[in-house]
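Structure, as structure tokens:
Nothing in this text is a laboratory measurement; each read-out follows from the coordinates by a stated rule. Treat the numbers as computed from the prediction; the structure is a model and nothing was measured. With ideal geometry, Cβ positions are generated from the backbone for all residues, glycine too; neighbour counts draw on all protein chains shown.
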Amino acid sequence: MDLRHFSAFTAVAEELHFGRAAEKLHIAQPALSQMIRSLEKELGVALFERTTRRVRLTAAGEALLEPSRSIQTQVEGAKRIARAAQQGVVGRVQFGFGGSSGYSILSLLAREVACRQPGIELVLRPLTYSGEAALAVRDGHLDLGVISPPAPAGIDVHVIRQERVMVAVPSDHDFAGRDEVSIAELRDEPFISYAPSHGSQVREALMRLADEAGFLPHIVQEAPDPYSMLALVGAQVGIAIVVASSDHIRIDGVSYVRLTEGADAFPLALGWRRNNPSPALSRVLEIVREVLPTA
């Protein structure tokens, strides 16, 4: 059994026609038929029911189709990795991210790196706050992190966008039916927020906006992550300032309301150590600049 047998089987299974499958593979039909017979003999099962009018997969053929496709995908991936290694672009990049904004960046970057540079392994390190990621990059524990400038000394940044914040409130709250609310109207509300020790830019935005409105927010409980914070909002413990990208998180009992002063609350960026010599990191940064233009 060799890999050509699986390519031949998959082509026939998808076309259900030996002539079209042979054209697709650029081989003669008798050669294709021979490969299928050889594979069936090797496996000891019939993969196709053949009549003069049609070709149909047997139960064994149906069972083999997805594994056959998987084998071909893995082989193509191995070829790409080998070619990348030949070009010298291989390695690991430790990538730290957290919060709703971080996950949105992660999904795009991980997909693009895997597609464009399969020899590079993007090692994902979930974190909760951008402040933690910045310190981990500075101390050499991460190669790349989702951070919010200003960054520590020695860290270069690539600003992706200005992040907006909004208000998460219990669904039966008076503000839940509003299109927009101002920070001044939240003066007497109980707040849920992140702990100050972790460097959350969302907490910093809350404190700054409240200060500009002339009040100190009454924080009744601190949460370790966005999901816990929204769960506390749904439990009617209080309201919360959250990044606008959190609106895809659907939790029972939580409604989102636009904050009048919430635009451009803080910049969102990727940060890395300026003196990091990693060729893999350099290549990932090239991809970053292509797919995530500077804001």
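Residues of segment 219-229 being surrounded by fewer than 17 Cβ atoms within 10 Å (Cβ to Cβ), out of contact with any helix residue (DSSP H, G or I) (no Cβ under 7 Å at 6 or more places or on another chain) and without any contact (Cβ under 8 Å) to a residue 60 or more places away in the chain, which ones? Before the answer, list the steps.
Here is the first cut: in segment 219-229, the residues surrounded by fewer than 17 Cβ atoms within 10 Å (Cβ to Cβ) are 220-221, 224-225, 227-228.
Restricting the remaining residues to those that are out of contact with any helix residue (DSSP H, G or I) (no Cβ under 7 Å at 6 or more places or on another chain) gives 220, 224-225, 227-228.
Matches in segment 219-229: Val220, Tyr227, Ser228.
Sort through Arg250, Arg283 and tell me the only one that's over 20 Å from Gly145 (Cα atoms) and either among the aromatic types (Phe, Trp, Tyr) or under 23 Å from the mean Cα position of the chain (by Cα) (or both). Quick ask: steps written out before the conclusion?
Values: Arg283 fails: over 20 Å from Gly145 (Cα atoms).
Every option except Arg250 fails the conditions.
Have a look at Leu216, Leu135, Leu186, Leu232 and point out the one that is more than 22 Å from Gly96 (Cα to Cα), touching a Pro at 6+ places or on another chain (Cβ under 8 Å) and either hydrophobic (A, V, I, L, M, F, W, C) or crowded, with 20+ Cβ neighbours inside 10 Å (or both). Can you show your working first?
Details: Leu216 fails: touching a Pro at 6+ places or on another chain (Cβ under 8 Å); Leu135 fails: more than 22 Å from Gly96 (Cα to Cα); Leu232 fails: touching a Pro at 6+ places or on another chain (Cβ under 8 Å).
Going through Leu216, Leu135, Leu186, Leu232 in turn, the sole match is Leu186.
Test each condition in (1) more than 26 Å from Asp156 (Cα to Cα); (2) part of a helix (DSSP H, G or I) for Arg208 and report the one that comes out false.
Looking at each condition in turn, Arg208 falls short on (1).
For segment 147-166, what are the residues that are of a type in the set (A, V, I, L, M, F, W, C) and either in a strand (DSSP E or B) or closer than 20 Å to Asp247 by Cα (or both)? Reasoning before the result, please.
Filtering segment 147-166 down to residues of a type in the set (A, V, I, L, M, F, W, C) leaves 147, 151, 153, 155, 157, 159-160, 165-166.
Within segment 147-166, Ile147, Ile155, Val157, Val159, Ile160, Val165, Met166 qualify.
May I ask you to list the residues in segment 167-198 that are of a type in the set (A, V, I, L, M) and either part of a loop (DSSP other than H, G, I, E, B) or under 32 Å from the mean Cα position of the chain (by Cα) (or both)?
Just the residues of segment 167-198 that are of a type in the set (A, V, I, L, M), to begin with: 167-169, 176, 181, 183-184, 186, 192, 195.
Passing the criteria: Val167, Ala168, Val169, Ala176, Val181, Ile183, Ile192, Ala195.
Which of the following residues is surrounded by 13 or more Cβ atoms within 10 Å (Cβ to Cβ) and assigned to a helix (DSSP H, G or I): Ser107, Ser38?
Working: Ser107 fails: surrounded by 13 or more Cβ atoms within 10 Å (Cβ to Cβ).
Exactly one residue qualifies, and that residue is Ser38.
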